[in-house]
Amino acid sequence: MSGFVYSCHTRDGANAGDAKKKKKKKKKPKKKRVEQSDPPRVGLSKIFTDGVYPEGEVQPYKNDNAWRTTSEEKRYLEKMALEDPEVTYQNIRRAAEVHRQVRQYARKYIRPGQSLTEIAEYIENGTRALVEENGLESGVGFPTGLSLNNCAAHFTPNAGDATILQSGDVLKVDFGVHVKGRILDSAFTLTWEPTYDKLVEAVRAATDTGVREAGIDVRLGELAGYIQETMESYEVEIKGKVLPVKPIENLSGHSIGVYQIHGGKSVLLVKNEDPTKMEEGDYFAIETFGSTGRGRVVDSGDCSHFAKIIDAPRVPIRLTSARSLLRTVTTNFGTLPFCRRYLDRIGESKYLLALNHLVQQGIVQDYPPLCDSIGSMTAQFEHTILLRPTVKEVVSRGDDY
């Protein structure tokens, strides 16, 4: 209804129109909700002004743990977790929302003909802006993985890399966001022609199986079996030849610690005897890789990914340049993974000798690209899940995957 009130009573036959109208109150202009720009550059705190970020997809626990959903005690624990700023889910959800928004634009942006460096910078610039990068408080979680074709993981372009994305390529896009060390790790695969659609479908389905079957008290070896079963139910036809989709047996999903991308527990992709159980409060990256090749990766090519080892030995570093580089790494990345481009970006140069020295001393871990046999194709999908006391939250779930 409009805000006008008309007086209907007239005196001595005077016109109703002569009756005094109530003064129309000036409406305050409605605060316009801030929208994301293209390319994405609007920090999330300007969009979610109350500091409350969207919850991920909630999946109830199954079987022996179904009681948790309605347990008063577990609901109380969860409420306490939300009230404790250190354990808060908001940091994780903020990182997840950054990932969702950046990838939404990246999926429209990435096209054959672009260089891998352009793609990496598009994703990283968006991530830094949306998470409102601030030293070790918030920023990029790890280098943007842009692994092509038979290369499954840990490739990001180094300076001077001129690789151009081709229309027949299978591209794995794996990037991370962190808020106060809570790393959101999620990945997807892009193709531009239908040849490998079934491969992509198989891996996406296997990841969804891993997410669905994960839960408190689930044994990691059994979870791997469910993933394997889904993946192996697919096949790909290439040039009239039918190939099985194989899970890559020496890659795995992993628990995630604070400022620690690999937290100690691993979810392999083939059934095994690992009796380790998932526990309440665990934070996991469920990622699966499928291949049309041998289903096993080896180190291959120039290394780009590195990370300072959390419990690195305290050894004397004789090289002055290595001591200086270690200070730079500790200040800028802590134990978060970094790449050579990130060192270039903060003004380091001629650091390769020093970096290799830190690797040899066991202070920094190198993560070379991991590739299957030449000519094979690999795909990847990954989600991050949080095993809350009452429910499982798939924090990285979006409309896309």
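Based on Cα coordinates alone, diagonalise the gyration tensor for region 247-401, multiply each eigenvalue by 5, take square roots, and list the semi-axes in whole Å, largest first.
For region 247-401, the ellipsoid semi-axes come out as 31, 21, 15 Å.
Could you work out the Rg to Rh ratio of region 109-160, with Rh taken as the Kirkwood radius (inverse of the mean 1/r over all Cα pairs)?
1.01
Taking amide H positions as placed in the peptide plane 1.01 Å from N, state which residues far from Lys265 in sequence (5 or more) or on other chains have amide H under 5 Å from it.
Ser255
Residue separation times 0.36 nm, minus the C-alpha to C-alpha distance between Val58 and Ala159: what's the value?
32.3 nm
Considering only DSSP states other than H, G, I, E and B, which trypsin sites (Lys or Arg not before Pro) in region 292-324 qualify as loop sites with at most 10 other Cβ atoms within 10 Å?
Arg314, Arg318
For region 308-365, which whole-number percentage of the solvent-accessible area (1.4 Å probe, protein heavy atoms only) is attributable to carbon and sulfur atoms?
Of the solvent-accessible surface of region 308-365, carbon and sulfur hold 51 percent.
Give me the number: length gained by fully extending Gln166 to Ser321, i.e. 0.36 nm times residue separation minus the C-alpha to C-alpha distance, one decimal in nm.
51.9 nm
Out of all DSSP beta bridges with both ends in the chain, state the antiparallel percent to the nearest 5.
So the antiparallel bridges amount to about 100 percent of the total.
Angle between the Cα long axis of helix 72-83 and the longest principal axis of the chain, 0 to 90 degrees, nearest 10?
Approximately 90 degrees, to the nearest 10.
Once phi is turned into θ = phi - 60°, what whole-Hz ³J(HN,Hα) does the Karplus curve with 6.51, -1.76 and 1.60 give for every residue of region 309-321, x standing for Gly and Pro?
Whole-Hz 3J(HN,Hα) from phi for region 309-321: 6, 4, 9, 4, x, 8, 10, x, 9, 7, 6, 4, 5.
Tell me, in nm to one decimal, what length is gained between Arg41 and Asn250 on full extension, where the rule is 0.36 nm per residue of separation less the Cα-Cα distance?
In short, 71.5 nm is gained.
Between their Cα atoms, which of Lys180/Lys246; Lys172/Lys277; Lys32/Lys392; Lys74/Lys108 are more than 32 Å away from each other?
From Lys180/Lys246; Lys172/Lys277; Lys32/Lys392; Lys74/Lys108, over 32 Å: Lys180/Lys246; Lys32/Lys392; Lys74/Lys108.
According to a simple spin-label model (label point 7 Å from Cα along Cα-to-Cβ), what is the distance in nm between Arg296 and Leu352?
3.1
For the pair Lys277 and Glu121, how long in nm is the line joining their label points, each one 7 Å along Cα→Cβ?
Simple spin-label model gives 5.1 nm for this pair.
In bins 10 Å wide, starting from 0, what share of all Cα pairs of the chain does each bin hold, as a percent?
Result returned by the calculation: 5, 20, 28, 23, 11, 4, 3, 3, 2, 1, 0.
Skip the ligands, DNA and RNA, and give the accessible area per residue of the chain with a 1.4 Å probe, whole Å².
Per residue, the chain has 51 Å² of solvent-accessible surface.
How do the peptides 95-103, 153-161, 347-355 rank, highest first, by the average count of neighbouring beta carbon atoms within 10 Å per residue?
Final packing ranking: 95-103, 153-161, 347-355.
Most mobile of Met377, Met278, Met80 per a Gaussian network model of the chain (Cα springs, under 10 Å)?
The residue that fluctuates most here is Met80.
Select from Ile92, Ile248, Ile310 the residue whose mean-square fluctuation is largest in a Gaussian network model of the chain (Cα-Cα springs shorter than 10 Å).
Among Ile92, Ile248, Ile310, the largest GNM mean-square fluctuation belongs to Ile310.
Assuming R0 = 41 Å, can you tell me the calculated FRET efficiency for the pair Lys239 and Glu73, based on Cβ-Cβ distance, to the nearest 0.05?
After rounding to 0.05, the efficiency reads 0.10.
The values are calculated or read from the model by the stated rules, or taken from the named source; none is laboratory data. Quantities reported herein were computed from a predicted structural model and do not represent experimental measurements. Virtual Cβ from ideal backbone geometry, glycine too; neighbours counted across all protein chains shown. Keep in mind that these areas ignore ligands, DNA and RNA; they rest on the heavy atoms of the full protein, side chains included. Shrake-Rupley method; radii C 1.70, N 1.55, O 1.52, S 1.80 Å.
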